[in-house]
Amino acid sequence: MSNRYLILADGSTYEGIGFGSEATTFGHIVFNTAMTGYQEIITNQIYHNQIIVFSAPTIGAGGINHDAYESIFPTAKGVIVRDVAEVSTNRLKRMNLDKFLTRHNIPGITGIDTRALIRHLRETGPQKASIVDFPDDHAFDQLNATVLTTRQVDAVATPRAYPNPGTGSTVVVIDFGLKHGILRQLSLRNADVTVLPYTVDTETVLSLDPDAVIFSTGPGDPRDLPNSVFELMRQLQERVPLLGIGLGHEIFGLANGASLVKLPFEHHGTNHPVKEVITNALLYVPQGAGYAVDPTSIDHAKLITTHIDIIDNSVQGLRHRDYPAFSVAFFPDSAPGPLEGTTVIDELFEMIETKDRF
Amino acid sequence: MSKQIIDAMAMQRALTRITYEIIEKNRGINELVLIGIKTRGVYLAQRIAARLHQLENTEIPVGELDISHYRDDMQLEKPAAKIDIKVDVTNKRVVLVDDVLYTGRTIRAALDAIMDNGRPVNINLAVLVDRGHRELPIRADFVGKNIPTAQNERIKVNVEEIDGFDDVEIDK
């Protein structure tokens with residue numbers, strides 16, 4: 001373990017001790033306020049090409065477990081912590097965080113004053129960052145010259161269809177780099193799932209005769225996706241119960257005429273209070289978003305705002321007025337996070353049960 | 001022996017979904033009127049109205065209907081005057097709300113009572129539970145949950161306003 005540095009595009013430098021992989025990486029830096037669930041967070045593909053700063057003081061005390069992967073191969077670019085736990089007493093653990101990051105070639109830095117770093121990020125907003133051995137001019141030149149890809153979805157979404165068989169309702173998941181939690185929630189409800197690449201056309205989806213379609217979570221800015229995705233959304237929402245999650249929610253908004261705003265600082269954590277407008281009930285939900293649907297751009301003749309974040313009033317859920325189609329910006333699979341968000345998945349299945357009535 | 005088949009959360013969710021479906025089917029809430037069938041249907045109608053108010057910031061009138069005089073299994077005298085349902089239904093889109101849909105006779109009686117009060121554009125039916133065993137050609141447009149039952153079973157809907165808690169139970 002040697003000293004390593006986190007450098008930001010705005011010129012600031014943070015010194016700490018390296019762990020995990022020794023690679024030099026570049027990524028977009030974000031902070032996550034979750035107290036637990038670091039394995040799910042690091043393996044979530046929304047963090048493709050991102051360096052994750054954890055605000056919780058100690059990370060790694062639960063080890064790495066077989067049941068907490070949100071993807072097969074994580075593609076985050078770094079993990080920044082105040083203190084990495086070397087010892088885990090979790091009986092389910094397979095390895096510690098250090099070994100896991102080494103295995104997946106992700107560098108980590110421990111011993112950084114993450115409180116100061118996060119305060120800084122809250123003021124300056126998301127930016128490029130790099131994990132380096134020495135913070136000299138050369139390192140900053142390299143960082144400034146780095147152009148991060150805008151085609152994150154292509155890097156993490158499945159190029160091919162695959163099944164996740166069940167005995168219940170037929171659900172098609174359009175994959176933009178999904179969290180395994182979505183499939184886990186569907187399996188819990190016995191759904192017969194087919195995951196399709198996002199380049200699929202409407203006829204192919206309908207040929208599977210789905211009871212419902214889910215547009216999955218994924219990384220990046222949905223405006224970088226091809227137009228065919230929005231057309232697919234518009235055609236499917238008229239025909240079959242539909243749920244958009246995370247990136248899928250942003251696509252649902254865009255497909256129905258709304259626009260996106262960049263959040264001043266991204267929402268990443270498991271403890272965001274969100275109001276369900278229709279009942280005035282409060283939910284605590286996991287979030288991971290850099291963009292939100294602009295509330296002033298919503299065509300109220302078409303969409304209803306169903307959920308609102310009560311910290312910054314950002315739009316967290318939408319529903320179509322004319323079709324059984326809805327979306328949530330947060331992660332209803334609760335991996336990690338409180339279970340109350342999973343009622344969104346129940347809603348989809350109740351929609352399936354009643355859809356034949358119209 | 002009674003067994004809970006819908007808990008409070010699922011009941012709330014069912015009412016929420018029915019509310020969205022009412023907006024979906026009526027393409028908005030213009031000229032909408034809710035009429036609850038006494039006793040529990042009234043509270044369910046009020047909850048749907050509260051949800052519509054949250055979403056659309058519009059007060060939807062809620063009527064109440066006591067159908068005792070219109071029932072075909074009781075020898076009550078037909079009321080001399082029409083029953084006051086507290087709302088005007090003429091040229092309105094009426095959503096009739098009840099807790100359990102069973103034989104369909106209650107709904108038939110309710111339809112008679114509404115028609116005596118005016119001429120609505122249309123009438124839809126929303127029920128929390130559809131338990132089957134219809135004796136008349138009546139179906140619900142909005143259903144919280146379909147629960148197949150035997151004739152000798154009893155479905156009991158509890159609402160917080162009078163029972164102190166929300167759930168649906170089945171008695172054998």
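Annotation for A:Asp299 and A:Gln127: the two label points, set 7 Å from Cα along the Cα-Cβ direction, are 3.9 nm apart.
Which one of A:Ile41, A:Pro222, A:Leu143 is farthest out on the positive end of the charge dipole of chain A, using unit charges on Cβ (Lys, Arg +1; Asp, Glu -1) and the Cα centre as origin? Going by the charge dipole, the pick is A:Ile41. Projecting the Cα atoms of A:Ile51, A:Ala258, A:Ser12 onto the charge dipole of the protein assembly as shown, computed from C-beta unit charges around the Cα centre, puts A:Ala258 farthest toward the positive end. Summing Cβ point charges (Lys, Arg +1; Asp, Glu -1) relative to the Cα centre of the stretch A:153-357 gives a dipole of roughly 100 debye.
Diffusion coefficient of the protein assembly as shown by Stokes-Einstein, Kirkwood radius over Cα pairs, 10 °C, 1.306 mPa s: 63 µm²/s. Contact order for the stretch B:1-155, expressed relative to its length and based on alpha carbon pairs under 8 Å spaced 6+ residues apart, stands at 22 percent.
Each label was represented as a point 7 Å from its Cα along the Cα-to-Cβ direction; for A:Ala281 and B:Thr58 these points are 2.5 nm apart. Across chain A, Cα pairs under 8 Å and at least six residues apart give a relative contact order of 15 percent. Between B:Ala150 and A:Asp136, the FRET efficiency estimated from the beta carbon spacing at R0 = 60 angstrom works out to 0.15. Take each residue of peptide A:299-310, count the partner chain Cβ atoms within 10 Å of its Cβ, and average: the result is 1.
Looking at chain B, do any whole DSSP H helices span at least 20 angstrom along their long axis by alpha carbon and average -1.0 or above on Kyte-Doolittle, and which?
B:8-26, B:40-56
Hey, got the dipole for chain B? About the Cα centre, +1 on K and R Cβ, -1 on D and E Cβ, debye to the nearest 20? Numbers along the way, then the final one.
Details: 25 positive and 28 negative charges, 91 e Å.
Dipole magnitude for chain B comes out near 440 debye.
For the stretch B:1-42, just say rounded, prolate or oblate: build the C-alpha gyration tensor, square-root its eigenvalues into a ≥ b ≥ c, call rounded for a/c under 1.5, and beyond that prolate if a/b exceeds b/c, oblate if not. Before the final figure, lay out the partial values.
Values: a/c = 4.25, a/b = 1.74, b/c = 2.44.
Oblate is the answer for the stretch B:1-42, as a/c is 1.5 or above yet b/c matches or exceeds a/b.
I need the shape label for the stretch A:153-357. Rule: rounded when a/c is under 1.5, else prolate if a/b > b/c, else oblate, with a, b, c from the alpha carbon gyration tensor. Judged from the Cα gyration tensor, the stretch A:153-357 comes out rounded (a/c under 1.5).
Where nothing but the Cβ of Lys and Arg (+1) and of Asp and Glu (-1) is charged, how large is the charge dipole of the protein assembly as shown around its Cα centre, in debye to the nearest 20?
Numbers: 52 positive and 69 negative charges, 114 e Å.
Here the size comes out at about 540 debye.
Here the peptides A:125-133, B:35-43, A:61-69 are ranked by packing, the mean other Cβ count within 10 Å, and the order with the highest first is B:35-43, A:125-133, A:61-69.
Do the sum for the protein assembly as shown: with -39,500 (n - 2.57) for every DSSP H run of n ≥ 4, divided by all residues, what is the mean residue ellipticity at 222 nm, to the nearest 500 deg cm²/dmol?
Values: 14 runs with 138 residues, N = 530.
That calculation yields -7500 deg cm²/dmol at 222 nm.
Neighbouring Cβ atoms from other chains, within 10 Å of the Cβ of residues in A:77-89, number 0 on average.
Other residues within the sphere of radius under 13 Å centred on the Cβ of A:Ser314, judged by their own Cβ, net out at -3 (K and R +1, D and E -1). Once C-alpha pairs closer than 8 Å and six or more residues apart are averaged by separation and normalised to the residue number of the stretch A:60-146, the relative contact order reads 30 percent. Rounded to the nearest Å, what's the spacing between the alpha carbon centres of the stretch B:1-71 and the stretch A:46-115? Just the number, please. Here the answer is 48 Å between Cα centres. Overall shape: oblate for the stretch B:15-172, with the ratio a/c of the largest to smallest alpha carbon gyration tensor axis at 1.5 or above and b/c at least equal to a/b. Counting Cβ atoms of other protein chains within 10 Å of each residue's Cβ and taking the mean over peptide B:2-10 gives 1. With point charges of +1 on the Cβ of Lys and Arg and -1 on the Cβ of Asp and Glu, referenced to the Cα centre of the stretch A:3-148, which listed residue (A:Phe100, A:Phe26, A:Ile64) lies farthest in the positive direction of the dipole? Farthest towards the positive pole: A:Ile64. In this simple spin-label approximation, A:Asp221 and A:Asp312 carry label points 7 Å from Cα along the Cα→Cβ vector, and these lie 1.6 nm apart.
Annotation: peptides A:160-173, A:280-293, B:19-32, ranked by per-residue average of other Cβ atoms within 10 Å with the highest first, follow the order A:280-293, B:19-32, A:160-173.
None of the figures in this text is laboratory data; all of them are computed from the coordinates on show. Values in this document were obtained by computation on a predicted structure and should not be read as measured data. Virtual Cβ from ideal backbone geometry, glycine too; neighbours counted across all protein chains shown.
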